[in-house]
1. Whats the longest run of the chain with zero trypsin sites (Lys or Arg not before Pro) that are DSSP loop and have at most 16 other Cβ atoms within 10 Å?
2. Express in % the proportion of alpha carbon pairs of the chain at distances exceeding 14 Å.
3. Subtracting the Cα-Cα distance from 0.36 nm times the residue separation, let me have the gained length for E52 to D25 in nm, one decimal.
4. Pairs of alpha-carbon atoms within less than 8 angstrom and 6+ residues apart define the contacts here; what relative contact order does segment 5-65 have, in percent?
5. Only helical DSSP H runs with n ≥ 4 go in: add -39500 (n - 2.57) per run for the chain, normalise by residue count and round the 222 nm mean residue ellipticity to 500 deg cm²/dmol.
6. Just to be sure I follow the definition: excluding the sites themselves, where is the longest run in the chain that has none of the GluC sites (Glu not before Pro) in a DSSP loop with at most 16 other Cβ atoms within 10 Å?
Amino acid sequence: MSAVRIEVDKERCVGAGMCALTAPDVFTQDDDGFSEVLPGAEHAEEHPMVKEAVRACPVGAVSLTGP
């Protein structure tokens, strides 16, 4: 059984930061300003704001993958 994972497509990300603003316990921005999932938060899909962060990304770079 594989778990749902939160992913950021680095090729698509434009650094808008909406995910980090929406769910700062799950997302951050790297030194170049691009979004990334915080270490250990890859499976935080139950966090109340993750789905909103996915919707908030203006370029669709944030996604939930898995079953």
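1. Of all site-free stretches, the longest is 13-67.
2. Everything past 14 Å amounts to 49 percent.
3. 8.4 nm
4. RCO, segment 5-65: 47 percent.
5. My calculation for the chain gives -4000 deg cm²/dmol from helical runs alone.
6. 12-41
Throughout, read-outs are computed from the coordinates displayed, never taken from laboratory work. This structure is a prediction, so every number in the text was calculated from the model and none was measured. Cβ sites come from the backbone with ideal geometry, for glycine too, and all protein chains shown count toward neighbours.
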